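Data block below; observations after.
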Amino acid sequence: MIRVDLNPAQRNAITIALRETEIALRRLLADLDVDEHGRLYARVAVVGEAQRRQIEQLVNEALDEIIYLADALDLSPQLQNPLAEMVGQMTVLWSDLIDSRADKLARYGEVDPAASAGLNPPLDRLIALLEKLMGVAGRQGSA
């Protein structure tokens, strides 16, 4: 096993790079089996069996290297709360929804006068629901 002395900034940089790589690789493995259908999107992995086996093999080899480096450098795992990530994403989506209101659409051209009545009430309800969701999901450890 290697022995490398790193200063705190170097240790932090390599920890982040390895962590983000591990997250991406594990998500890739999970996405090989994705079959998700919403109203406005579908996520379906289109991958042949030979390609799947090759991807799995390469990902597992890469994960082995990450494990080796993390062990050799005695890097600590970071606890991540998926709800916190979701709240961060919801904040951006909340902003996007506000920018989708009829008055904001004028930046893309003339807006149909009926747009406010047709778009704003359901958008406002959706925005309010996201605000409530962010509030509930943002609470730490509540039951």
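Remarks
- Kyte-Doolittle mean at least 0.0, axial Cα span of 18 Å or more - DSSP H helices of the chain: 82-98, 115-138
- Region 34-100: trypsin sites (Lys or Arg not before Pro) in DSSP loop, at most 14 other beta carbons within 10 Å: ARG39
- Computed about its Cα centre, the charge dipole of the chain is approximately 400 debye, with only Lys, Arg, Asp and Glu carrying charge at their Cβ.
- Cleavage-rule hits, GluC sites (Glu not before Pro), region 17-111, DSSP coil, Cβ neighbours within 10 Å at most 10: GLU110
- Using the Cβ-Cβ distance between ASN60 and GLU36 with R0 set to 25 Å, the FRET efficiency from 1/(1 + (r/R0)^6) comes to roughly 0.55.
- Among ALA114, ALA128, ALA24: highest mean-square fluctuation, GNM of the chain, C-alpha pairs under 10 Å: ALA114
- Taken along the Cα-to-beta-carbon direction at a fixed 7 Å, the label points for ARG11 and VAL47 span 3.5 nm.
- Projecting the Cα positions of LEU83, GLN54, SER100 onto the charge dipole of the chain (unit charges on Cβ atoms of Lys, Arg, Asp and Glu, taken about the Cα centre) puts SER100 furthest along the positive direction.
- Mean-position separation - Cα centroids, region 80-136 and region 49-73, in angstrom: 39
- The trypsin sites (Lys or Arg not before Pro) of region 102-143 that DSSP puts in a loop, and whose beta carbon has at most 14 other beta carbons within 10 Å, are ARG139.
- Between ALA24 and MET86, full extension at 0.36 nm per residue minus the direct alpha carbon distance yields a gain of 20.7 nm.
- The residue among LEU63, VAL136, VAL4 whose Cα reaches farthest toward the positive pole of the charge dipole of the chain, with charges on the beta-carbon of Lys, Arg, Asp and Glu, is VAL136.
- Using 0.36 nm per residue and subtracting the Cα-Cα separation, the extra length available between ALA128 and ARG107 on full extension is 5.2 nm.
- Computed over the chain, the per-residue total of -39500 (n - 2.57) for DSSP H runs of n ≥ 4 gives a 222 nm mean residue ellipticity of -21500 deg cm²/dmol, rounded to 500.
Read-outs: derived from the displayed coordinates by stated rules, not from any lab. Small disclaimer: the values here were computed from a predicted structure and weren't measured. Ideal geometry is used to build each Cβ from the backbone, glycine not excepted, and the neighbour counts take in all protein chains shown.
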